[in-house]
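Readers should treat all values here as calculations from the given coordinates under stated rules, not as data from a laboratory. On a predicted model such as this, the values are computed, not experimentally measured, just so you know. Cβ coordinates were reconstructed from backbone atoms using ideal geometry, including for glycine residues, and neighbour counts include every protein chain displayed.
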Amino acid sequence: MKAIIIIVFLLFAAKLSSAQSDVEKEIRGLDELEARATISSDTAMLSRLWSPNFVVNNPANVVVNVAQIRQLIKEGKIAYSSFSRVIEKVTINDNVAVTMGYEENQPEKATDNAGRTVTRRYTNVWLKGKSGWRIIARQATIINVK
């Protein structure tokens, strides 16, 4: 009987671990999709990934909302010739997920540091609601400019 209880417990733990890794894979995929939409200025995709109340503490040390971000994209002040994101950690707590890592990009057009290589640390906060996972907050801090 004891062996059966242990087996049931191990199967339950394996199932729970599998479910968490599926959610983590989903979040990693969405975070990468958001990075690709950012480099291509795909505002339609970004609108699907961002919460309507999305806020960003951006690399210029200014807190901006969705309308302000869209305006910056329109003005060419958020534009990149290259953009890569490395996700170092995904943490999931119920319907909240946090991704952390670093990004390396080459700004262009009217973006600060255009023509240089910028490395920054980032944190994205995702919330799962009725319409699925959406980013509700972001922090990005420049750590190096070459």
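Summary of computed values
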| quantity | calculated |
| --- | --- |
| Yes/no for residue 64 being β-branched (Val, Ile, Thr) and either farther than 11 Å from residue 124 by Cβ or in a helix (DSSP H, G or I) (or both) | yes |
| Any hit, the range 93-113, residues being over 21 Å from residue 42 (Cα atoms) and among the acidic types (Asp, Glu) | yes |
| Index of the failed condition, residue 101 passing every other in (1) of a type in the set (Gly, Ala, Ser); (2) loosely packed, with under 15 Cβ neighbours inside 10 Å; (3) closer than 19 Å to residue 36 by Cα | (2) |
